[in-house]
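A quick write-up on the structure given underneath.
The numbers here are math on the coordinates, done by the rules we state, and not lab data. Please read these numbers as outputs of a predicted model, since none were measured by experiment. All Cβ positions, even for glycine, are placed from backbone atoms using ideal geometry, and neighbour counts span all protein chains on display.
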Amino acid sequence: MGIKSDKWIKEQAKKGMIEPFEHGQVRAGVISYGVSSYGYDIRVADEFKVFTNINNTLIDPKNFDSNSFVTIKNNTCIVPPNSFALARTVEYFRIPENVITVCLGKSTYARCGIIINVTPFEPGWEGYVTLEISNTTPLPAKIYANEGIAQVLFFEGDEPCEISYKAKKGKYMGQVGVTLPRL
């Protein structure tokens, strides 16, 4: 199994693995996104669900209360201190059955105390990626929509997996918006 280069990522993008696909990466005045040397920097869309505790609910992944979030559609999002928001990527992914990904936050946000949490994109999975954006600071944090937020690294196996995410009919297959926990 090996990490894949920009050449491999560009070849897979032609097959529809990442849509829309950006060939460049560095842009003046914008947090970078697009293909990099060994990965792809994803963008956060303008749809956010910001955590709120106004209802004093318990966070329970088996019985999740959607009233725990305030929905925002905007070019920026303010994440409250010591809180988090959910968002989705601009890009839609179709992961080949012999590939798995790891996603890590971009250094620009990390240096501001913002942590991006994304689970691996499993072999055969497709959809928009739901992002968890944590503000670890005691101050509000600003997130910019349609700009870079995290980098995806692609690892290719020697052969396709035995049971892909698609084959096992995973509960997050084909998600299109900011997707809350499902059981």
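The rows are residues; the columns are (1) surrounded by fewer than 18 Cβ atoms within 10 Å (Cβ to Cβ); (2) out of contact with any strand residue (DSSP E or B) (no Cβ under 9 Å at 6 or more places or on another chain).
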position: LYS10; (1), (2): yes, no
position: GLY16; (1), (2): yes, no
position: GLY24; (1), (2): yes, no
position: GLY29; (1), (2): yes, yes
position: SER37; (1), (2): yes, yes
position: TYR40; (1), (2): no, no
position: SER68; (1), (2): no, no
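Taking the conditions (1) out of contact with any Lys or Arg (no Cβ under 7 Å at 6 or more places or on another chain); (2) in a loop (DSSP other than H, G, I, E, B) in turn, VAL44 satisfies each one other than (2).
If you filter the range 107-133 down to residues that are outside any loop (DSSP other than H, G, I, E, B) and charged (D, E, K, R), you find that the one that is surrounded by the most Cβ atoms within 10 Å (Cβ to Cβ) is GLU126. Total residues in the range 19-42 satisfying the condition of being polar (S, T, N, Q), in contact (Cβ under 8 Å) with a residue 40 or more places away in the chain and farther than 11 Å from ASP6 by Cα: the figure is 1. Filtered by the rule that a residue be among the β-branched types (Val, Ile, Thr), within 17 Å of the chain's Cα centre (by Cα) and surrounded by fewer than 19 Cβ atoms within 10 Å (Cβ to Cβ), the range 73-106 gives THR76, VAL102.
The rows are residues; the columns are (1) assigned to a strand (DSSP E or B); (2) out of contact with any helix residue (DSSP H, G or I) (no Cβ under 7 Å at 6 or more places or on another chain); (3) within 17 Å of THR179 (Cα to Cα).
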{"position": "ILE31", "(1), (2), (3)": "no, no, no"}
{"position": "LYS49", "(1), (2), (3)": "yes, yes, yes"}
{"position": "LEU58", "(1), (2), (3)": "no, yes, no"}
{"position": "LYS62", "(1), (2), (3)": "no, yes, yes"}
{"position": "ALA87", "(1), (2), (3)": "yes, yes, yes"}
{"position": "GLU91", "(1), (2), (3)": "yes, yes, yes"}
{"position": "VAL102", "(1), (2), (3)": "yes, yes, no"}
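Residues in the range 140-175 that are closer than 17 Å to GLU97 by Cα and acidic (Asp, Glu) were compared, and the one that is surrounded by the most Cβ atoms within 10 Å (Cβ to Cβ) is GLU156.
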